[in-house]
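Peer 1: Got a structure for you, written out below as structure tokens; questions coming shortly.
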Amino acid sequence: MKRRGDFTNLQIAELLRDVAAGYQLKGEDKYKFRIIAYDRAADAVEHATSELKDLWDDGKLEEVPGIGPSISEHLDELFKNGRSRHFEEVVRGIPPDAFKLMQLPGIGIKTAMKMLKEGDKKEVAEKLKEVKSLQEKNKRLLLPFAAQIAADIINYLREDKSVSRIDPLGSLRRQASTIGDIDIAVASSNPQSVLERFVEYPKSQKSIEKGEHTASILLPGDIRVDLMVQPEGSYGALLQHFTGSKHHNIALRELALKKGLSLSEYGIREVKAKSEKLKVFTSENDFYKFLGLDYIEPELREDTGEIEAAQNHKLPDLITLEDVKADLQIHSSFDIETSHDLGESSMEEVVKKGNELAYEYLAFTEHNPSQAKHTELQITDILKRKREKVEQINYSIKNRHKDSVKKVFNSLEIDMKPDGTVPVPESGMKTLDFALVSIHSSFHLDRNSQTKRVLSALSHPKVKIFAHPTGRLLEKREGAELNWPEIFDFCLKNNKWVEINCDPMRLDLPDTLVREAIKLGVKLTFGTDAHHKDGMNNMIWGISVARRGWCQKNDIINTLNLSEFEKLLE
Ligand code: DGT
Ligand code: CA
Ligand code: CA
Ligand code: ZN
């Protein structure tokens, strides 16, 4: 039941952004740090994996990175009384429509106020309508979907012979799990010709704007694509500037200022030098080097310590797809009589695909047989039949020396019942090499019960992996409430692993939790959760999550070779 003071994370994030805007109107310079603090807190809340209200209930608001003591105090009042006098005071007198207009790309609070004061009434009404439809949709794109759209446009633009370099920018280049709009950079000796070709993109619904170096179009479904073009000589600065993230750039700008330098998409200037000569950069690498930094991979550019690490030569050597030797969650079409979905490809087809991907081993992780429809004896019988099938596959691949897949493991993705027990009898568990457990029901248990449930299921000696751990579905369903420090601690002490599920709709564990896990030394696994052999291609999206979570090769179980992996199972 909703009570007064029950705010969703999204509502709180919006509120914090409004307060930041309020401070901006009060004085951009005077309140510089508060503006940054509120903006940052808004981002943190939006990306938080737990409901803030619940954290508050547990007295843990300040544990959210980005929420300091002062903001936390105001939120405390907000949750207690349903309002914060401080927030109200900061935004007093600002018309609600101004905040609405701010939700449009490119409109800050100052522009919004100006539009309301002196703008054309009809235009403002039009814009407000745009906001409303934006709020109704306001869905972000899944990463592979955005990547495909960008790849199509990139191929199309490459046909212009003046294009010498072209790359995605923004959240897409940083490989974020969801993408707001698509940004693309081009190096060209003839920007106008590229921009003209771009606005004539056959799938474009509308050209939003076209200037000297930039243009924007709208694709069906209100997908916005921004293009930035510059000569090759300053392409490095262009890439750097529009890859973001915003917070990374703010932090970088501050570092530069301390060195008396100012940064832009064109290059670097000395602030005080009379000549005001612009230093340009073809390569992003040199841009960072000029600031005394090691090259920072785009996935790390979120202002979460990467700049300091780059100063101290402490950046991680990020994992790559080539490091991966196995896929540890695959559903074959073996009829295991589950109440969930079966896979569509046979075990043989999956092995063939595994060879194409140059893997050394694979795990078959069909869902457990339905408990409602079978006796314990029947469940064990089905699992024994599956064991035989897996042994037969292993026998048949044993002497195929040219193939890379040397072994398939007999695993299972097991539901955890709300009380934390597993719906498979001991005699059935014995047939398995190892098992995964996952939450497929009762997503809304309170945090304590949910955590207990997970730890209880993970306790079974055959269970090694906590699969798609939050249970989130991007843009559809929030994850379950869990006490992550407790879960990570348990995994560390009991040699259990946490999955990065590579399904683009899941990408679960989320990158921020990946980082927390590996900081503690918890080992992670990749599972594509493929229900068709082609789903095994999704490994690359799991890699994006791992890289954003600062993972190196040795953080991930799947990088072990077969004999190392077998040893871990002993
Ligand atoms: P998104 O589109 O919400 O998934 O996130 P981003 O990071 O792609 O954000 P976007 O498209 O607004 O801007 C791309 C990057 O450009 C952003 O990460 C920071 C950088 N940037 C630098 N200066 C500016 C600026 O003046 N305006 C905008 N919009 N971005 C800027
Ligand atoms: Ca973007
Ligand atoms: Ca953009
Ligand atoms: Zn599942």
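The values are calculated or read from the model by the stated rules, or taken from the named source; none is laboratory data. This is a predicted model, so every value here is computed, not measured. Every residue, glycine among them, receives a Cβ derived from its backbone with ideal geometry; neighbour counts consider all protein chains shown.
Peer 1: State which residue is farthest from ligand 1 (Cβ to nearest atom) when the search covers only the range 238-269 and only residues that are without any contact (Cβ under 8 Å) to a residue 60 or more places away in the chain and farther than 22 Å from Glu308 by Cβ.
Peer 2: Arg269
Peer 1: What residue, of Lys352, Lys272, is more than 29 Å from the chain's Cα centre (by Cα), surrounded by fewer than 16 Cβ atoms within 10 Å (Cβ to Cβ), part of a loop (DSSP other than H, G, I, E, B) and touching a residue at least 12 places away in the same chain (Cβ under 8 Å)?
Peer 2: Lys272
Peer 1: Right, another one. Can you find even one residue in the range 219-231 that is away from ligand 3 (no atom under 15 Å from the Cβ) and either surrounded by 15 or more Cβ atoms within 10 Å (Cβ to Cβ) or of a type in the set (Lys, Arg) (or both)?
Peer 2: yes
Peer 1: Let me ask something else. Taking the range 102-138 as the search range and keeping residues that are in a loop (DSSP other than H, G, I, E, B) and surrounded by 11 or more Cβ atoms within 10 Å (Cβ to Cβ), which one is nearest to ligand 1 (Cβ to nearest atom)?
Peer 2: The extreme case among them is Pro105.
Peer 1: Read through the list (1) without any contact (Cβ under 8 Å) to a residue 60 or more places away in the chain; (2) closer than 16 Å to Thr528 by Cβ, then give the number of the only condition that Pro369 fails.
Peer 2: (2)
Peer 1: So, in the range 162-186, of the ones that are of a type in the set (S, T, N, Q) and closer than 16 Å to Pro144 by Cα, which residue ends up farthest from ligand 4 (Cβ to nearest atom)?
Peer 2: For the range 162-186, the residue satisfying everything is Ser171.
Peer 1: Take Asp54 and tell me if it is touching a Lys or Arg at 6+ places or on another chain (Cβ under 9 Å) and in a helix (DSSP H, G or I).
Peer 2: Considered against the rule, which asks whether it is touching a Lys or Arg at 6+ places or on another chain (Cβ under 9 Å) and in a helix (DSSP H, G or I), Asp54 comes out as yes.
Peer 1: Continuing with this model, one more query. Restricting attention to the range 514-534, report how many residues are farther than 17 Å from Asn558 by Cα and either buried (at least 23 other Cβ atoms within 10 Å of the Cβ) or among the charged types (D, E, K, R) (or both).
Peer 2: Qualifying residue count, the range 514-534: 5.
Peer 1: Of the conditions (1) at pLDDT below 95; (2) out of contact with any Leu (no Cβ under 9 Å at 6 or more places or on another chain); (3) more than 16 Å from ligand 3 (Cβ to nearest atom), Asn138 satisfies every one except a single condition; which number is it?
Peer 2: Unmet for Asn138, out of (1) at pLDDT below 95; (2) out of contact with any Leu (no Cβ under 9 Å at 6 or more places or on another chain); (3) more than 16 Å from ligand 3 (Cβ to nearest atom): (3).
Peer 1: Under 9 Å by Cβ, and 6 or more places apart or on different chains, what pairs join a residue from the range 528-548 that is within 16 Å of Gly343 (Cβ to Cβ) and not assigned by TED's automatic domain parsing to the domain that holds Phe145 with one that is among the small types (Gly, Ala, Ser) and not in a loop (DSSP other than H, G, I, E, B)?
Peer 2: Cβ pairs passing all conditions: Thr528/Gly535; Thr528/Gly542; Asp529/Gly535; Lys533/Gly354; Met536/Gly354; Met536/Ala530; Asn537/Ala530; Asn538/Ala530.
Peer 1: If you scan the range 440-487, which residues turn out to be surrounded by fewer than 21 Cβ atoms within 10 Å (Cβ to Cβ), in contact (Cβ under 8 Å) with a residue 60 or more places away in the chain and within 16 Å of ligand 4 (Cβ to nearest atom)?
Peer 2: Across the range 440-487, the qualifying residues are His440, Leu474, Gly479.
Peer 1: Looking only at residues that are in contact with a helix residue (DSSP H, G or I) (Cβ under 7 Å, 6 or more places away or on another chain) and part of a helix (DSSP H, G or I) in the range 176-233, which one is nearest to ligand 1 (Cβ to nearest atom)?
Peer 2: Phe198
Peer 1: Could you please give the count of residues in the range 158-175 that are among the polar types (S, T, N, Q) and within 16 Å of ligand 1 (Cβ to nearest atom)?
Peer 2: 2
Peer 1: Here's something else I'd like to know. If Lys384 satisfies all but one of (1) surrounded by 21 or more Cβ atoms within 10 Å (Cβ to Cβ); (2) not in a loop (DSSP other than H, G, I, E, B), what's the number of the condition it fails?
Peer 2: So the condition that Lys384 fails would be (1).
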